[in-house]
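Enquirer: Have a look at this one.
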Ligand code: SF4
Ligand code: SF4
Ligand code: SF4
Ligand code: SF4
Ligand code: FES
């Protein structure tokens, strides 16, 4: 099966380690991908707040481009891209009058038209559904048997379920399946399906920082050595803002509340188990040190 | 079928903290969780306390936490719930002060509803032209379907960490009146929602959309209020700029430049800007600020799409 990779702005911007680790892992697994070079931003749910038609047309362009390349599957590596591009695809496939309206605008501006034949799938789903966990297990040369990993799903890969529907929004299992496949132990905590606060990080930082602090400390108390997320925006919240979240937590709950929780992108977790070095997987780029985790692995 | 229900019991007069208690019920075909609870109350434990009235998912009384999610007990089919989760665990809805067992205090919720002026503001009783009432139901985008069950507020991740937030139901209610052609407070309503605890405190986690039993889609109504706010000229806030500047960056570059966006959003707001600078430097040192920013091919097409939907000024 061939996939058109929709890299998303984040993997091309503030989380370049997501892009490099994805390429390493996908390359090793032999998954056939071609990158959508001329991709445009999915809008991250923000452009639609300005104008839903505009956001839909932008996503229709992405989908129509893949369609024109003769590819039926778009691979996303960002939970938010998955929610937004996948959600747009659902509307375009199911709401015919809307699709016609958007297609008129798309044709006029780009000459493209979207027929609705493409499926949008996150790497997380592709590994489970298309590639298969048994096949994946064969590539695990360095099982992470000494570490406990706390899954952080993020919002858009789960909700609203009518737009996603791959995993069970109430009790998802896909990340834990992947954690087990690489030999690690999944740990469970209340916040694993909650929000990281990313959309309001700048404007309502106190709300976002509370969320980061709560989720990370729960993951830590449940015994996690690291958290893993399929969304680079969650990664930014949980990693880049963790120190400030820790400050806030300590102000509110006392100085003994420490975090220091390494946050991994999903392909980094897989890459470690496949024997790639932390450096190859870009772990130096994290703000929270991954050294304690790496020590435990080696 | 004999089914085990694990219910979180709490009586403040005798219990220090909530504790789980198992009950066994003989279920009949198509039995709902509410029927099972009523049966337990009638036959096994008269002290079991919960709210319920209509038994038909219309009064909004019987909301509780079922296997971790906020649900109307009268809408939960025991058989399906058991098939889905392999167990049935019931407790009071999350994030609300518990009075007894499944009964929680509702006054925080009503305060929020009251705060959005949940009634029509008329202009001295002047009659509304009938034309304005055409398709009124459509104009309200189902925001009028709310049964005040509190599922959305209880599940709201922003409310969980920031109890002052007006929350999904109240904001959906605000939209319901803002969008009503008979209402005379359109702009005032928007203005009241700009400050702290208003429409900009929603993190777009989609929980409210997911749990609402009446498909009110509160988050979508909040987004409509945001769109209307920008349309009505409330454009100076960092929050509004997040939307307008994000859109402008993508219009110019085809994709987002995360290094640039915070700067554009906080322009003119020195306090916020100073707060993001140290982090910006740290990100730069860790190779997290793409520089030079690589542009995407096909920008002309993207610009044409933006131009196409541009609103006449
Ligand atoms: S979700 Fe973010 S990273 Fe992904 S394409 Fe959209 S804007 Fe870019
Ligand atoms: S806020 Fe975080 S968890 Fe929620 S969708 Fe955005 S990135 Fe994901
Ligand atoms: S989408 Fe917004 S209002 Fe709805 S539950 Fe999440 S934070 Fe609350
Ligand atoms: S919006 Fe939906 S979930 Fe919220 S109170 Fe109303 S009916 Fe209940
Ligand atoms: S009893 Fe009325 S909604 Fe359940």
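Enquirer: Scanning segment A:12-22 for residues that are within 16 Å of ligand 2 (Cβ to nearest atom) and either more than 17 Å from residue B:249 (Cα to Cα) or free of Cβ contacts under 8 Å to residues at least 40 places away in the same chain (or both), which turns out farthest from the chain's Cα centre (by Cα)?
Expert: Keep residues of segment A:12-22 that are within 16 Å of ligand 2 (Cβ to nearest atom), which gives A:13-15, A:18.
Of the ones still in play, those that are also either more than 17 Å from residue B:249 (Cα to Cα) or free of Cβ contacts under 8 Å to residues at least 40 places away in the same chain (or both) are A:13, A:15, A:18.
Working: A:13: 14, A:15: 11, A:18: 9 Å.
Here the answer is A:13.
Enquirer: Related question: Is there any pair linking a residue in segment B:139-168 that is touching a residue at least 24 places away in the same chain (Cβ under 8 Å) and within 14 Å of another protein chain (Cβ to nearest Cβ) to one that is within 15 Å of ligand 2 (Cβ to nearest atom) and part of a loop (DSSP other than H, G, I, E, B), with Cβ under 7 Å and at least six apart or on different chains, and which?
Expert: Close Cβ pairs (under 7 Å, with a partner that is within 15 Å of ligand 2 (Cβ to nearest atom) and part of a loop (DSSP other than H, G, I, E, B)) amount to B:157/A:194; B:157/A:195; B:157/B:203; B:157/B:205; B:158/B:202; B:158/B:203; B:167/B:156; B:168/B:156.
Enquirer: With the requirement that a residue be more than 10 Å from chain A (Cβ to nearest Cβ), surrounded by fewer than 21 Cβ atoms within 10 Å (Cβ to Cβ) and either assigned to a loop (DSSP other than H, G, I, E, B) or within 14 Å of ligand 3 (Cβ to nearest atom) (or both), what does segment B:216-251 give you?
Expert: B:232, B:233, B:234, B:235, B:236
Enquirer: For segment A:190-209, which positions are surrounded by 21 or more Cβ atoms within 10 Å (Cβ to Cβ), over 19 Å from the mean Cα position of the chain (by Cα) and over 19 Å from residue A:44 (Cα atoms)?
Expert: Passing the criteria: A:207, A:209.
Enquirer: Output the number of the condition that residue A:39 fails; it satisfies all remaining conditions of (1) more than 8 Å from ligand 1 (Cβ to nearest atom); (2) under 23 Å from residue B:310 (Cα atoms).
Expert: Failing condition for residue A:39: (1).
Enquirer: Anything in segment B:137-173 that is away from ligand 5 (no atom under 16 Å from the Cβ) and more than 17 Å from residue B:108 (Cβ to Cβ)? List them, or say none.
Expert: B:137, B:138, B:139, B:140, B:141, B:142, B:143, B:144 - these are the residues of segment B:137-173 that are away from ligand 5 (no atom under 16 Å from the Cβ) and more than 17 Å from residue B:108 (Cβ to Cβ).
Enquirer: Scanning for something in a helix (DSSP H, G or I), more than 16 Å from ligand 4 (Cβ to nearest atom) and in contact with a strand residue (DSSP E or B) (Cβ under 8 Å, 6 or more places away or on another chain), does segment B:17-25 turn up at least one residue? Lay out the reasoning, then the answer.
Expert: Residues of segment B:17-25 in a helix (DSSP H, G or I): none.
The answer is no, given that none of the residues of segment B:17-25 is in a helix (DSSP H, G or I), more than 16 Å from ligand 4 (Cβ to nearest atom) and in contact with a strand residue (DSSP E or B) (Cβ under 8 Å, 6 or more places away or on another chain).
Enquirer: Yes or no: segment A:130-138 includes at least one residue that is under 13 Å from the mean Cα position of the chain (by Cα) and outside any helix (DSSP H, G or I). Talk me through it step by step, then tell me what you get.
Expert: First, the residues of segment A:130-138 that are under 13 Å from the mean Cα position of the chain (by Cα): none.
No; the residues of segment A:130-138 include none that is under 13 Å from the mean Cα position of the chain (by Cα) and outside any helix (DSSP H, G or I).
Enquirer: Sticking with this one: Out of segment A:238-279, which residues are over 22 Å from residue A:15 (Cα atoms) and more than 14 Å from chain B (Cβ to nearest Cβ)? So that I can check it myself, show each step before the final result.
Expert: Step one: filter segment A:238-279 for residues over 22 Å from residue A:15 (Cα atoms), giving A:247-258.
The answer is A:250, A:251, A:254, A:255, A:256, A:257, A:258.
Enquirer: Continuing with this model, one more query. Which one of these does residue A:5 not meet: (1) within 11 Å of chain B (Cβ to nearest Cβ); (2) surrounded by 21 or more Cβ atoms within 10 Å (Cβ to Cβ)?
Expert: (1)
Enquirer: I've got another one for you. Within segment B:200-220, which residues are more than 21 Å from residue B:63 (Cα to Cα) and within 16 Å of ligand 1 (Cβ to nearest atom)?
Expert: Residues of segment B:200-220 more than 21 Å from residue B:63 (Cα to Cα): B:200-204, B:220.
Scanning segment B:200-220 gives B:203, B:204.
Enquirer: Give me a count of the residues in segment A:45-60 that are more than 7 Å from chain B (Cβ to nearest Cβ) and part of a loop (DSSP other than H, G, I, E, B).
Expert: Residues that pass the stated criteria total 0.
Enquirer: Given the conditions (1) assigned to a helix (DSSP H, G or I); (2) within 28 Å of residue B:283 (Cα to Cα), and given that residue A:38 satisfies all but one, which numbered condition is not satisfied?
Expert: It fails just one condition, (1).
Enquirer: Restricting the search to segment A:23-42, which residues are more than 7 Å from every other protein chain (Cβ to nearest Cβ) and under 23 Å from residue A:87 (Cα atoms)? So that I can check it myself, show each step before the final result.
Expert: The first filter runs over segment A:23-42 and keeps only residues more than 7 Å from every other protein chain (Cβ to nearest Cβ), leaving A:23-36, A:42.
Listed by number, the residues that qualify are A:33, A:34, A:35, A:36, A:42.
Enquirer: Within segment A:67-81, track down each residue that is surrounded by fewer than 24 Cβ atoms within 10 Å (Cβ to Cβ) and either within 7 Å of another protein chain (Cβ to nearest Cβ) or not in a loop (DSSP other than H, G, I, E, B) (or both). Working first, answer last.
Expert: Within segment A:67-81, the first condition is being surrounded by fewer than 24 Cβ atoms within 10 Å (Cβ to Cβ), and the residues that meet it are A:67-73.
Correct list: A:67, A:68, A:73.
Enquirer: Collect the residues in segment B:56-71 that are more than 16 Å from ligand 3 (Cβ to nearest atom), surrounded by fewer than 23 Cβ atoms within 10 Å (Cβ to Cβ) and not in a loop (DSSP other than H, G, I, E, B), keeping them in residue-number order. Don't jump to the end; show me each part of the working.
Expert: Of segment B:56-71, the ones more than 16 Å from ligand 3 (Cβ to nearest atom) are B:56-62, B:64, B:66-67.
Okay, now just the ones that are also surrounded by fewer than 23 Cβ atoms within 10 Å (Cβ to Cβ), so B:56-61, B:66-67.
Once the filter is applied, which keeps residues that are more than 16 Å from ligand 3 (Cβ to nearest atom), surrounded by fewer than 23 Cβ atoms within 10 Å (Cβ to Cβ) and not in a loop (DSSP other than H, G, I, E, B), segment B:56-71 yields only B:66.
Enquirer: Given the criterion within 20 Å of residue B:207 (Cα to Cα) and away from ligand 2 (no atom under 16 Å from the Cβ), identify the matching residue among B:91, B:86. Before the answer, list the steps.
Expert: Numbers: B:86 fails: within 20 Å of residue B:207 (Cα to Cα).
Only one candidate qualifies: B:91.
Taken together, the values in this text are just the output of simple stated rules run on the coordinates, not laboratory data. Quick caveat, the model's predicted, so the values are computed rather than measured. Reconstructed Cβ throughout: ideal geometry from the backbone, glycine too, with neighbour counts over all protein chains shown.
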